[in-house]
1. Using 19 Å as the Cα-Cα cut-off, could you pick out the over-long pairs in B:LYS84/B:LYS122; B:LYS32/B:LYS84; B:LYS148/B:LYS186; B:LYS32/B:LYS190; B:LYS32/B:LYS102?
2. What full-extension length gain, to one decimal in nm, is calculated for A:TYR72 and A:PHE167 as 0.36 nm per residue of separation minus the Cα-Cα distance?
3. Residue by residue, what Karplus-based ³J(HN,Hα) values in Hz, rounded to whole numbers, does the stretch B:181-198 have, using 6.51, -1.76 and 1.60 with θ = phi - 60° and x for Gly and Pro?
4. Can you give me the Rg/Rh ratio for the stretch B:98-185, using Cα atoms for both radii and the Kirkwood formula for Rh?
5. In whole Å, what is the distance between the alpha-carbon centres of the stretch B:143-190 and the stretch A:190-241?
6. Looking at the stretch B:79-110, which residues lose a minimum of 20 Å² of accessible area between their chain alone and all protein chains in place, measuring with a 1.4 Å probe and not counting ligands or nucleic acids?
7. How much of the DSSP beta bridge set in chain B is antiparallel, as a percent to the nearest 5?
8. Would you kindly give the portion of the calculated P(r) for the stretch B:152-246 that falls above 15 Å, as a percent of all Cα pairs?
Amino acid sequence: MGAWFKDFAAEFTLNFINDDRWQWLLEGLITTIIITFFATIIGAFIGIVVAIIRSTHDKNIDTMKKRKGIGYYFLKIVNFICTVYLTVVRGTPVVVQLLIMYFVIMASSTNGTLVAIIAFGINSGAYVAEIFRGGIMAVDNGQFEAGRSLGFNYIQTMIYIVSPQMFKTVLPTLCNEFIVLLKETSIAGYVGIQDLTKAGDLIRGRTFSAFMPLIAVALVYLIIVMVFTYLVRLLERRLRKSEH
Amino acid sequence: MSTNEVIIHTENLEKNFGENHVLRGITTDIKKGEVVVIIGPSGCGKSTFLRCLNLLELPSNGKILFKDWDITSSSTNINFHRQKMGMVFQQFNLFPHMTVLKNMTLGPVKLLKMSKAEAEAKAMELLEVVGLADRANSYPSQLSGGQKQRVAIVRALAMNPEVMLFDEPTSALDPEMVGEVLEVMKNLAKSGMTMVVVTHEMGFAREVASRVVFIDEGVIAEDASPEEFFSNPKSPRLKEFLSKVI
């Protein structure tokens, strides 16, 4: 037992204390959080816009067809663009998207973190869009009609009546998407970004000791996910209360 | 109770759902203060007709004039006119994420620009009338069906509508709760509100209606005062229908 502990302490010192290697992990973690945070914001923004366009299209295109105004053609075109976006993003691996973003589309940029934020944001937006759209379609159409019959216009009905109900049904899935995104950013090392995963891997390369740095990286991800899951559960309970 | 002022005028109203010709030309007037009860076999188009009146369904053909405004014209802002047409649904459609009071004040505050205090005072007054003042801070899921429908009625009334549309308001209720909702509607009729009611409640039609309209296969098959309608039906289709339901 004493010998095992001695080995453990030596390994620990080698991987984290010597040369202040723990700082690599910390810096990597910060990069991971920055990428995830801003990609989430971009993803949520894209997701809401695309979901509103798509569900507006699905709900109204039949009635708009009769009047064939400029709005009809505009909605048709925008909806088509959204559909192409969803198909492409969901139909290709995120690593490939990241590589294309880094080496082709934004090849002139030297800021890897920024490229990753944009690539992950665009990727996440597609999944968030479908989550929101499912949520909007799941709200009973009678709610929509009740709002309209009071005199609210389409957008007001969405804001005051549909979206608060949608948010509640969508929250668990949305949280899951955030967790997926957090873990997905671990491929950022592919384009030379020193995120949490890459930092652990760098330590392994320097110390030739794989166990400790990699387990440490795994633990950090796990802890973030668990804390986040706990917070969402609190929020969900809060939301459920408002219905009784 | 009714005067000669026409509130809603429909002219040759038609509605198709694809190949399905639901309304085949309905022309009628609804006058101020009138209670028009619409009955008919299921699938005859009576709910569709009602939902056309505030454009929840877009008519395929024909015209609807609301206080002389052609609301079917594409330049009309329907949201503005809908504020003046209250609607009550079969499934209540209360907003589940809001309290009763919030359900009732949302429209007046956001659309009529009433102050919150003013809207709440008005809402409480209306809740008092239907005997639900003590449920103001409840959520819809805590109410019985009859209570929900009474709230739905006063939610529509809170907007100060000029006409109230009822789409089978008692059809989703347990039998013992039908009475309390009909009672509210009767009192509303007595107060002079213009009402268009799609229902299967023949007793209500007989007692409260100023006119009963029978729709069959997308057209008005009979349109008469309740006495005339029930004791002396003219069309064979109505005779057959009444013999089945009464």
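The values are calculated or read from the model by the stated rules, or taken from the named source; none is laboratory data. No experiment lies behind these values; they were computed from the predicted model shown. Surface accessibility is based on the protein's heavy atoms, side chains included, excluding ligands, DNA and RNA. Shrake-Rupley method; radii C 1.70, N 1.55, O 1.52, S 1.80 Å.
1. From the list (B:LYS84/B:LYS122; B:LYS32/B:LYS84; B:LYS148/B:LYS186; B:LYS32/B:LYS190; B:LYS32/B:LYS102), the Cα-Cα distance tops 19 Å for B:LYS32/B:LYS102.
2. Extending this stretch completely gives an extra 31.4 nm.
3. Running phi through 6.51 cos²θ - 1.76 cosθ + 1.60 with θ = phi - 60° gives 6, 4, 4, 4, 5, 4, 4, 5, 4, 4, 6, x, 5, 6, 9, 10, 10, 8 Hz.
4. 0.96
5. 56
6. The answer is B:ASN79, B:ARG82, B:PHE89, B:ASN93, B:PHE95, B:PRO96, B:HIS97, B:LEU106, B:LYS110.
7. Antiparallel bridges: around 55 percent, rounded to the nearest 5.
8. In whole percent, the share of Cα-Cα pairs in the stretch B:152-246 beyond 15 Å is 63.
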